[in-house]
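Each value in this text was obtained by applying a stated rule to the coordinates, not by laboratory testing. Because the structure is predicted, anything quoted here is derived from the model rather than measured. Methodologically, a virtual Cβ is constructed for each residue, glycine included, from the backbone with ideal geometry; neighbour enumeration extends over all protein chains shown.
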Amino acid sequence: MRIIPYKHADRPRKRRTLDQQQVVKTALALLDEVGLEELTMRRLAERLDVKAASLYRHVRNKDELLILLGDEISGEIPLPRGSGGWKEQLTEIALNVRRGLLAHRDAARVLAITPPFGPRRLHHIEAVLRVLRSAGFSRKDAARAAYHANNFVTEFAADEARFAAFAGAPGSNRRKVFAQARQVFKTLPRDEYPTLVELAEDLTADDQDGLFQFGIDLLLRGLEVLAKRG
């Protein structure tokens, strides 16, 4: 007689509770780890140890996930304290946003490719517009100034992140990259590129903080002229 071994019934697997906040926080950690290109819904579901269907109950698609990520990143950035003049407040906002965007991998890209939805992100936009309107800028000038200020800070942070990724590649580093660029500029034919040769040191100076502050000062001076005309 053939004996069939008794198989113990598997214990029912405890269902994992999941909410949207947990999905977003896990996605942000995954973004830091793999970057925007490799952040997929499938990979996120695997990280959460859930079926894709469970994930889609909380986030409709990757587009919505990125919007939620933009709001999550914005929530980590301090709002301005509201002290000082309008130029001081805008400078504080710019510095805070730059630090916040550099705190997470590809954060600037996430904000650049998503619409500004989400309450925490909207609070930052409201703060910039309020400062500009309080300074006397017209509605049109305030809207346009906020647009260009946002583009400057976001693109500057994105460029910093791109360079950091490039300079951090195997066999490369910041000092080496700048030294190579400096050498290229210095050895150009001087009769054809006299200004590039002359400014080789300045063009390849590794001073991101100074470069950022120069851009902010340039923006503020232009806005100051506009404010006086108004």
Would you confirm whether or not region 123-137 contains a residue that is out of contact with any strand residue (DSSP E or B) (no Cβ under 8 Å at 6 or more places or on another chain) and within 24 Å of Leu36 (Cα to Cα)?
yes
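The rows are residues; the columns are (1) in contact with a helix residue (DSSP H, G or I) (Cβ under 7 Å, 6 or more places away or on another chain); (2) on the phi < 0 side of the Ramachandran plot; (3) not β-branched (Val, Ile, Thr).
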| residue | (1), (2), (3) |
| --- | --- |
| Leu122 | no, yes, yes |
| Arg130 | no, yes, yes |
| Lys140 | no, yes, yes |
| Glu155 | no, yes, yes |
| Arg162 | no, yes, yes |
| Arg174 | yes, yes, yes |
| Phe178 | no, yes, yes |
| Lys186 | yes, yes, yes |
| Val197 | yes, yes, no |
Failed condition for Ser54, given (1) within 27 Å of Arg99 (Cα to Cα); (2) in contact (Cβ under 8 Å) with a residue 24 or more places away in the chain; (3) in a helix (DSSP H, G or I), with all others met?
(1)
List every residue pair whose Cβ atoms lie under 9 Å apart, where the two residues are 6 or more positions apart in sequence or sit on different chains, the first residue falls within region 165-191 and is under 22 Å from Ala103 (Cα atoms), and the second residue, located anywhere, is among the basic types (Lys, Arg).
Ala165/Arg105; Ala167/Arg174; Ala167/Arg175; Ala167/Lys176; Gly168/Arg174
